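Here's the structure, in structure tokens; my notes come after.
Every number here is computed from the coordinates shown, using simple stated rules; none is lab data. Quantities reported herein were computed from a predicted structural model and do not represent experimental measurements. Heads up, the Cβs are rebuilt from the backbone with ideal geometry, glycines too, and the neighbour counts pull from every protein chain shown.
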Amino acid sequence: MEEKTLSERNIFEGKIIRVHVDDVELSDGTKSFREVVEHSGGVCVAALTDEKELYFVRQYRYPFKRELLELPAGKLEVGEIPLEAGLRELEEECGVRADRVIDMGTVYPTVAYCSEIIYLFAATGLHPVIQHLDEGEFLSVEKIPLEKAAKMVVEGEISDAKTVALVLKLDKMLKEGKI
């Protein structure tokens, strides 16, 4: 199955996203359209302490008009290497550096209309450094035991997609001895 792009109309170009509407030809030859949000991607890091606690950030998310509990994460700059971005975000948001980083794969958070890919990492061997938030960034840092965080995901207390995926994946991999 494949769809052929016939034309593309740019609708909006902002600082974080670009939106376009494409006319497409479907696999059976019929015509349709696709609305696409282009995003440069992001990173998410599960920073795990020696005591099996994870660093979380709590921050206000405007689209939902409330605070959300998330693992440290951030947007990739165009051309930025995901691992470097993850380490940068961990330091900026939580004030920690890691001796070891494990690639935990990727997630596509909104496959129907957005090109965003989020690169997932686990970090261990943590050392405190000076936290330095971006201008206009306000958050609080919390440490939560991994087992409790996994329970919070299952019970719906944590609903951010990248955090849900990474917490559950890390929990399962640790229990299976794969990390």
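Annotations for the structure displayed:
- For the chain, fraction of C-alpha pairs farther apart than 30 Å, in %: 26
- With at most 16 neighbouring Cβ atoms within 10 Å, loop chymotrypsin sites (Phe, Trp or Tyr not before Pro) (DSSP) excluded, longest segment of the chain: 1-112
- About its Cα centre, the chain has a charge dipole of approximately 440 debye under the convention of +1 per Lys or Arg Cβ and -1 per Asp or Glu Cβ, with nothing else charged.
- Within region 58-94, backbone nitrogen closer than 11 Å to the virtual label 7 Å beyond the Cα of LEU133 toward Cβ: 58-60, 93-94
- Extension gain (nm, one decimal) between SER140 and ILE117, 0.36 nm per residue minus Cα-Cα: 5.8 nm
- Among the trypsin sites (Lys or Arg not before Pro) in region 1-67, those placed in a DSSP loop whose Cβ has at most 10 other Cβ atoms within 10 Å are LYS15, LYS65.
- Between the listed residues LEU170, PRO63, ALA122, the Cα displaced farthest toward the positive end of the dipole of region 40-175, a dipole computed from Cβ unit charges relative to the Cα centre, is found at LEU170.
- Rounded, prolate or oblate (a/c below 1.5 giving rounded, otherwise prolate when a/b exceeds b/c) for region 44-142 by Cα gyration tensor: oblate
- For the residue pairs LYS151/LYS175; LYS15/LYS143; LYS148/LYS169; LYS75/LYS151; LYS52/LYS172, the alpha carbons lie more than 20 Å apart in LYS15/LYS143; LYS75/LYS151.
- The length gained by stretching the chain between ILE16 and ASP28 to full extension, at 0.36 nm per residue less their Cα-Cα distance, is 0.9 nm.
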